[in-house]
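The values are calculated or read from the model by the stated rules, or taken from the named source; none is laboratory data. These figures come from a predicted structure and were not determined experimentally. Cβ sites come from the backbone with ideal geometry, for glycine too, and all protein chains shown count toward neighbours. These area figures cover heavy atoms from the full protein model, side chains too; ligands, DNA and RNA do not enter into them. Shrake-Rupley method; radii C 1.70, N 1.55, O 1.52, S 1.80 Å.
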Amino acid sequence: ELDWTQAALYVGMADWAELAEREDQDDTYYKWLLRIGRRHQWQPGARMYHADDIAVSAVWLDLYRKYGERSMWLPTLARTEFVVSHPSDGTLELNYSRAVTLERWSWCDALFMAPPVYAKMYRLTGDRRFIDFMNEEYRATCDFLYDREEHLFYRDWRYFDQREANGSKVFWGRGNAWVIAGLCEVLQELPSSNR
């Protein structure tokens, strides 16, 4: 239930819950999300630096803003404070046989998973360390994976030299959708003066 696939569902369900409550006074979806969060004591996934494992925290932080229960955000606060205080110096060259290469946002869909959490932490705390960390890591990923000629992101560095039969570069369409969705989530959190 803490996997990135579930986190993506929860992000959508949190928006649906807000709409259902506002339009129909139906809090069923909020209750569903609350049960999941409480069952896991509001913890993110197990891996300290892995973007996929912090993705559920985006919803935990939204629920904290709604309900104000301190326990909802403390595990995410502890995780994000540790990461910004001890950033990984791992490479952006993804290699699934080397866990250290998953400590940074070395694949484009990580830009949906982690940046919104750091933007929400900045908004909640006003602590610039969160937004500065997010900006630095986001920029590093963009500089590494974004193709300025094609205006698309490579899924990860292993795609740099791949070509289609017609010689065209290989991009992962779904990955670019993750980037756009993550950017939308981040922009909702930033004060208008920072956009």
The stretch 159-175, residues that are farther than 17 Å from LEU111 by Cβ and open to solvent by 90 Å² or more (accessible area, probe 1.4 Å): ASP161, ARG163, GLU164, ALA165, ASN166
Flag for VAL83 being of a type outside the set (Gly, Ala, Ser), surrounded by 17 or more Cβ atoms within 10 Å (Cβ to Cβ) and either in contact with a Pro (Cβ under 9 Å, 6 or more places away or on another chain) or more than 24 Å from LEU187 (Cα to Cα) (or both): no
Hits in the stretch 58-72 (condition: in a helix (DSSP H, G or I) and either touching a Gly at 6+ places or on another chain (Cβ under 9 Å) or over 11 Å from LYS120 (Cβ atoms) (or both)): VAL59, TRP60, LEU63, LYS66, TYR67, ARG70, SER71, MET72
The lone exception for CYS108 - which of (1) open to solvent by 10 Å² or more (accessible area, probe 1.4 Å); (2) assigned to a loop (DSSP other than H, G, I, E, B) it fails: (1)
Count of residues meeting criterion [closer than 19 Å to ARG38 by Cβ and not polar (S, T, N, Q)] in the stretch 55-98: 22
Any hit, the stretch 131-148, residues being more than 15 Å from ILE54 (Cβ to Cβ) and at pLDDT below 95: no
Of all residues making up the stretch 146-158, the number that are open to solvent by less than 70 Å² (accessible area, probe 1.4 Å) and either part of a helix (DSSP H, G or I) or among the basic types (Lys, Arg) (or both): 1
Search result, residues across the stretch 73-96 that are assigned to a loop (DSSP other than H, G, I, E, B), charged (D, E, K, R) and either over 20 Å from ALA140 (Cα atoms) or free of Cβ contacts under 8 Å to residues at least 40 places away in the same chain (or both): ASP89
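Yes/no matrix, rows are residues, columns are (1) more than 17 Å from ALA119 (Cβ to Cβ); (2) of a type outside the set (Ser, Thr, Tyr); (3) assigned to a helix (DSSP H, G or I); (4) free of Cβ contacts under 8 Å to residues at least 24 places away in the same chain:
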| site | (1), (2), (3), (4) |
| --- | --- |
| GLU18 | yes, yes, yes, yes |
| TYR30 | yes, no, yes, no |
| LEU34 | yes, yes, yes, no |
| ASP53 | yes, yes, yes, no |
Filter result for TYR67 (open to solvent by 50 Å² or more (accessible area, probe 1.4 Å) and of a type in the set (Ser, Thr, Tyr)): yes
Pairs, first under 18 Å from LEU102 (Cα atoms) in the stretch 155-181, second open to solvent by 50 Å² or more (accessible area, probe 1.4 Å), C-beta under 6 Å, six or more apart: ARG155/TRP172; TRP157/GLU93
One residue from LEU34, LEU9, LEU2 being touching a Pro at 6+ places or on another chain (Cβ under 8 Å), farther than 22 Å from PHE133 by Cα and not aromatic (Phe, Trp, Tyr): LEU2
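Residue by residue, here is whether (1) over 15 Å from the mean Cα position of the chain (by Cα); (2) hydroxyl-bearing (Ser, Thr, Tyr); (3) not in a helix (DSSP H, G or I) holds:
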site: PHE130; (1), (2), (3): no, no, no
site: MET134; (1), (2), (3): no, no, no
site: GLU137; (1), (2), (3): no, no, no
site: PHE144; (1), (2), (3): yes, no, no
site: ASN166; (1), (2), (3): yes, no, yes
site: ASN176; (1), (2), (3): no, no, no
site: GLN188; (1), (2), (3): no, no, no
